[in-house]
Amino acid sequence: MKTAARKSRVNVYPGLPPRLRPFTDLDIVCGVDEAGRGPLAGPVFAAAVILDPKRPIEGLRDSKKLSKARRDELAPLIKQQALAWAIAECSCEEIDTLNILHATMLAMRRAVEALQMLPTFALIDGNRCPPMDVRAHAVIEGDDKVHAISAASILAKTARDALLVQLHAQYPQYCFDQHKGYGTSLHLERLRLHGPSPVHRRSFAPVRELLQRDLFATA
C-alpha cells in the first residue's frame, strides 16, 4: 500500500540549489529519468526515486558518465537507502504504436505511479514532463545536476542493461549483450544478416527499412 510522507518530514532536497527549486522543503520530491530511447530493440525504461536526505549517497551523477562497474555498485545502494524507488517500462509494441516520445513519457508516469511513497512533486530529466497527477518540473541535463534524477538514471540504465543481457540469451545472433540494442555497426550487421527479431522496434528506420525491403522482395 502506498503511504504519504508526513509533513513533519522536511525534504531538504540534495542536488538542486534552493534558488532553483520550484518546490518547498515540505514537498516530497522524486527524480525521474529514462533509459533506452535511442536503441533499435528492447523496451524503454524509466525510474523514479525519492532520496532520503538523512542518508546521502556519494557519487551520484548521469549514468552515462559512470562506468558499468560503478553503476552496478550504486544501483543496490540507491534501492537500499532511498525513501522510495520504482522502475517501469514501455514495450516495443507500445513504442511502435505510440512513438518513442509518448512511450517514454508513459514509462515515466508509470514509474512515478509505482512509487510506494506518494510524491508531491516530480523533477523530470529533459525539457518536457509526462502528463500525470503529480506536479512536475523539467530539468535539462537534470541527470547530472539533480541527485534524485541521477539516481533514477542509474536504476533505469542498470535495469535495461540487465534485460538486454537476458534478451541476448534468447537471441544470441544479435549480440544484445554487447551493444544493448543501440544501432552500432555490429548490431546493424547482425540485423541485416538475420532480419528483425520479435524485440526489435518496427517503427525505427533501420528496422522498418529492412521489413519493407523483405516485403517488396517477396511481392
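Give me the pairs, please: first residue somewhere in segment 145-161 and over 13 Å from I57 (Cα atoms) and assigned to a helix (DSSP H, G or I), second residue anywhere and of a type in the set (S, T, N, Q) and open to solvent by less than 20 Å² (accessible area, probe 1.4 Å), beta-carbon distance under 8 Å, and either six or more positions apart or on two chains.
Going by the 8 Å Cβ cut-off, the qualifying pairs are S153/S63; A156/S63; K157/S63; T158/S63.
Within segment 127-150, take every residue that is within 16 Å of V49 (Cβ to Cβ) and among the small types (G, A, S) and give me the one that is nearest to the chain's Cα centre (by Cα).
Filtering segment 127-150 for residues that are within 16 Å of V49 (Cβ to Cβ) and among the small types (G, A, S), the one nearest to the chain's Cα centre (by Cα) comes out as S150.
For segment 118-128: of the residues being at negative phi and in contact with a helix residue (DSSP H, G or I) (Cβ under 8 Å, 6 or more places away or on another chain), which is most open to solvent (accessible area, probe 1.4 Å)? Break it down stepwise before answering.
Start the filter on segment 118-128 by keeping residues that are at negative phi, which leaves 118-125, 127-128.
Imposing the further condition that a residue be in contact with a helix residue (DSSP H, G or I) (Cβ under 8 Å, 6 or more places away or on another chain) reduces the set to 119, 122-125, 128.
Numbers: P119: 18, A122: 0, L123: 0, I124: 0, D125: 30, R128: 123 Å².
It comes out as R128.
Please work out if L164 is in contact with a Pro (Cβ under 7 Å, 6 or more places away or on another chain), part of a helix (DSSP H, G or I) and either at pLDDT below 95 or open to solvent by less than 10 Å² (accessible area, probe 1.4 Å) (or both). Spell out the reasoning first.
Details: in contact with a Pro (Cβ under 7 Å, 6 or more places away or on another chain): no; part of a helix (DSSP H, G or I): yes; either at pLDDT below 95 or open to solvent by less than 10 Å² (accessible area, probe 1.4 Å) (or both): yes.
No.
How about segment 186-201: which of its residues are part of a loop (DSSP other than H, G, I, E, B) and surrounded by 15 or more Cβ atoms within 10 Å (Cβ to Cβ)?
Going residue by residue through segment 186-201, those that are part of a loop (DSSP other than H, G, I, E, B) are 195-199, 201.
Within segment 186-201, P196, S197, V199, R201 meet the criteria.
Go through segment 93-121 and report how many residues are of a type in the set (D, E, K, R) and touching a strand residue (DSSP E or B) at 6+ places or on another chain (Cβ under 6 Å). Give the derivation first.
Kept after step one, since they are of a type in the set (D, E, K, R), are these residues of segment 93-121: 93-94, 96, 109-110, 113.
Remaining after also requiring touching a strand residue (DSSP E or B) at 6+ places or on another chain (Cβ under 6 Å): 110.
So the count comes out to 1.
The values are calculated or read from the model by the stated rules, or taken from the named source; none is laboratory data. Quick caveat: nothing in here was measured; it's all calculated off a predicted structure. Methodologically, a virtual Cβ is constructed for each residue, glycine included, from the backbone with ideal geometry; neighbour enumeration extends over all protein chains shown. What goes into the accessible areas is simple: the full protein's heavy atoms, side chains included, and nothing from ligands, DNA or RNA. Shrake-Rupley method; radii C 1.70, N 1.55, O 1.52, S 1.80 Å.
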